[in-house]
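A short reminder: the numbers here are calculations on the coordinates, not readings from a lab. Please read all numbers here as calculations on a predicted model, not as lab measurements. When we count neighbours, we look across all protein chains shown, and the Cβ atoms used for this are built from the backbone with ideal geometry, even at glycine.
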Amino acid sequence: MIEVSGLTVTYPDGTRALEDVGFSIKEGDRVALVGANGAGKSTLLMAMLGVVAATSGSVNIAGIELSKKNLSAIRAHAGLVLQNPDDQLFCASVFDDVAFGPRNMGMDEKSVAKRVDSVLADLDAEKLRDRMPHRLSGGEKRVAAIASVLAMRPSVMLFDEPTSFLDPKARRHVAQLLTRLPHTMLIATHDLDMALDICQRVIVLQSGKVLSDGPAGKQLCDSELMDSAGLELPLCLGGKI
Ligand SMILES: Nc1ncnc2c1ncn2[C@@H]1O[C@H](COP(=O)(O)OP(=O)(O)O)[C@@H](O)[C@H]1O
Ligand SMILES: [Mg+2]
């Protein structure tokens, strides 16, 4: 479902954020992308959708090769939930934010309302429908942002730090929601406990390169590996706060 090969990104100021990154993800798999601050997680998610231009390498999602002329096709298949929901929600109501994409595709209002209601129901978030996004709690904002991406019915979901800025209860709620979605997922996070809980596989990024890629349990318990990636062991395995 996802094929990334030789992906290299150099920002205009000369920063080499990714170097020769490659991996593939099968349909329905939920994969965590972990790495210290600055490892290149956000850059990778953005480069996969052409938000950031790759210097070299290739990305293929659902059989579509990323290129300038395929940008809208690839973004129809893969949605990105940004790290900060305030960057994703900009309408006067959650309904309008979730409706934004479908309306943009030219869907009629009746179908838009049906789509919004079904997405909110899938997330148990019907009560958010008529709320003002900027008045929501952090956890509610995150759910609304996820709904706005799901409304486009993508088959692949990319998440950038979906549990950041959340209290433990909201964190658990969001993590649990992710396990209920059937999508192929790549979840950038430094919440290693969540990665361990909900992902079968972990890709470890270090300074823009894939340091290792394999089963979540095995890698996240490997204190040497976590140490060389600049990460702590998950708390549940005795990591420090
Ligand atoms: N717009 C940018 N211009 C230049 N360098 C950037 C830009 N965005 C990120 N970087 C750099 O690229 C590297 C990877 O950053 P990022 O992808 O945000 O990492 P992460 O999400 O893992 O914290 C870092 O060294 C960061 O400083
Ligand atoms: Mg980031």
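The HN-Hα couplings worked out from phi for segment 208-222 by the Karplus form 6.51 cos²θ - 1.76 cosθ + 1.60 (θ = phi - 60°) are x, 10, 6, 7, 6, 8, x, x, 4, x, 5, 6, 6, 8, 8 Hz, whole numbers, x standing for Gly and Pro. Legend: calculated FRET efficiency, residue 90 to residue 164, from the Cβ-Cβ distance at R0 = 22 Å, rounded to 0.05, equals 0.65.
Close amide H pairs (under 5 Å, H built 1.01 Å from N) link residue 18 with 9, residues at least 5 positions away or on another chain. Take 212-223, 4-15 and order them by the average number of nearby Cβ atoms within 10 Å per residue, most first; the result is 212-223, 4-15.
For residue 114, a cut-off of 17 angstrom between C-alpha atoms picks up these lysines, skipping any fewer than 8 places away in its own chain: 127.
Rounded to the nearest 20 debye, the dipole size of segment 2-230 about its Cα centre is 520 debye, using +1 on the Cβ of Lys and Arg and -1 on the Cβ of Asp and Glu. Hey, which of these cross-link pairs are over 28 Å Cα-Cα: 41/68; 169/209; 26/110? Over 28 Å Cα-Cα: 169/209; 26/110. Residues 89, 136, 235, ranked from the fewest to the most other C-beta atoms within 10 Å, line up as 235, 136, 89.
Residues 187, 2, ranked from the fewest to the most other C-beta atoms within 10 Å, line up as 2, 187.
The 3J(HN,Hα) values that the Karplus relation (6.51, -1.76, 1.60; θ = phi - 60°) gives for segment 151-166 are, in residue order, 4, 7, 6, x, 9, 10, 10, 10, 10, 9, 6, x, 10, 6, 6, 10 Hz. Gly and Pro appear as x.
For segment 85-132 and segment 1-72, compute the distance between their C-alpha centroids and round to whole Å. So the two Cα centres are separated by 28 Å. Amide hydrogen proximity for residue 210: with H placed 1.01 Å from N in the peptide plane, the residues at 5 or more positions away or on another chain lying under 5 Å are 22. Taking amide H positions as placed 1.01 Å from N in the peptide plane, with prolines and chain starts having none, which residues 5 or more places from residue 80, or on another chain, fall under 5 Å of its amide H? Under 5 Å from the amide H of residue 80: 158.
Among 38, 116, 89, which residue has its Cα positioned farthest towards the positive end of the charge dipole of segment 1-118, with +1 placed on the Cβ of Lys and Arg, -1 on the Cβ of Asp and Glu, and the dipole taken about the Cα centre? So the residue we want is 116. Summed over qualifying helices (DSSP H, 4 residues or more, each -39500 (n - 2.57)) and divided by its residue number, the chain shows a 222 nm mean residue ellipticity of -10000 deg cm²/dmol. Phi angles of segment 88-104 translate, via the Karplus equation with coefficients 6.51, -1.76, 1.60 and θ = phi - 60°, into HN-Hα couplings of 10, 10, 9, 9, 7, 9, 4, 3, 5, 5, 6, 6, 4, x, x, 4, 4 Hz per residue; Gly and Pro are given as x.
Projecting each Cα onto the charge dipole of the chain (Lys/Arg +1, Asp/Glu -1 at the beta carbon, about the Cα centre), which of 7, 152, 231 comes out farthest on the positive side? Looking along the dipole axis, the top candidate is 152.
Taking label positions 7 Å along the Cα-Cβ direction at both residue 207 and residue 51, the computed distance is 2.7 nm, reported to one decimal. Legend: Rg and Dmax of segment 145-240, from Cα coordinates, 13.8, 41 Å.
Which angle from 0 to 90°, rounded to the nearest 10, does the C-alpha axis of helix 138-150 make with the longest principal axis of the chain? Its long axis makes an angle of about 80 degrees. Using equal-weight Cα scatterers in the Debye expression, the normalised intensity of the chain in log10 at q = 0.07, 0.08, 0.16, 0.18 Å⁻¹ is -0.23, -0.30, -1.17, -1.40.
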